[in-house]
1. Touching a residue at least 40 places away in the same chain (Cβ under 8 Å) and buried (at least 18 other Cβ atoms within 10 Å of the Cβ) - does that describe any residue in the range 66-89?
2. Restricting attention to the range 43-60, report how many residues are buried (at least 19 other Cβ atoms within 10 Å of the Cβ) and out of contact with any helix residue (DSSP H, G or I) (no Cβ under 9 Å at 6 or more places or on another chain).
3. Which of the residues belonging to the range 105-124 are over 18 Å from residue 57 (Cα atoms) and either touching a strand residue (DSSP E or B) at 6+ places or on another chain (Cβ under 7 Å) or modelled with pLDDT under 95 (or both)?
4. With respect to residue 66, is the statement that it is at pLDDT below 95 and more than 24 Å from residue 91 (Cβ to Cβ) true?
5. Can you tell me which residue within the range 36-53, out of those that are part of a loop (DSSP other than H, G, I, E, B) and in contact with a strand residue (DSSP E or B) (Cβ under 8 Å, 6 or more places away or on another chain), is farthest from residue 97 (Cα to Cα)?
6. How many residues, within the range 19-34, are in a loop (DSSP other than H, G, I, E, B) and either buried (at least 16 other Cβ atoms within 10 Å of the Cβ) or in contact (Cβ under 8 Å) with a residue 24 or more places away in the chain (or both)?
7. Is it fair to say residue 135 is free of Cβ contacts under 8 Å to residues at least 60 places away in the same chain and either within 24 Å of residue 37 (Cα to Cα) or under 15 Å from the mean Cα position of the chain (by Cα) (or both)?
């Protein structure tokens, strides 16, 4: 099945980051087994492509990393916990499918924020740093700043 260029919700083309088209295909192939909702898959693809190479490699090369989504309120949901990778731990990122109804900037910030938690293994960047502050700071540094509250509810 051919991979088509990503478009954002405004109808423009994906300009999430530098690199050849093959890079996007590699990330797309890595994401496919997670079987995310189509809209979330596209948003996660855009965010992962924009991550620094070291962060992408950290996530994509870790067999102990899992990513999934779910529809709240339906049936019971079990978070996939993969066999620990080389680091000796497992990491899972779980996204609610309801986020797809939010503005793109908020969805992308949330994905980057949650991937930052996974990258930091739910800790801070240094001893004593608040993990929430650390995840927000990394997401912002990667090009996905936390939207102002008013923008998130429009």
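The values are calculated or read from the model by the stated rules, or taken from the named source; none is laboratory data. This one's a predicted model, so the numbers in the text were calculated from it and none came from an experiment. Because the Cβ atoms are built from the backbone with ideal geometry, glycine has one as well, and the counts that use them run over all protein chains shown.
1. no
2. Residues in the range 43-60 being buried (at least 19 other Cβ atoms within 10 Å of the Cβ) and out of contact with any helix residue (DSSP H, G or I) (no Cβ under 9 Å at 6 or more places or on another chain): 0 in total.
3. 123, 124
4. Considered against the rule, which asks whether it is at pLDDT below 95 and more than 24 Å from residue 91 (Cβ to Cβ), residue 66 comes out as no.
5. By that ranking, first place goes to 36.
6. Qualifying residue count, the range 19-34: 1.
7. Answer is yes for this residue.
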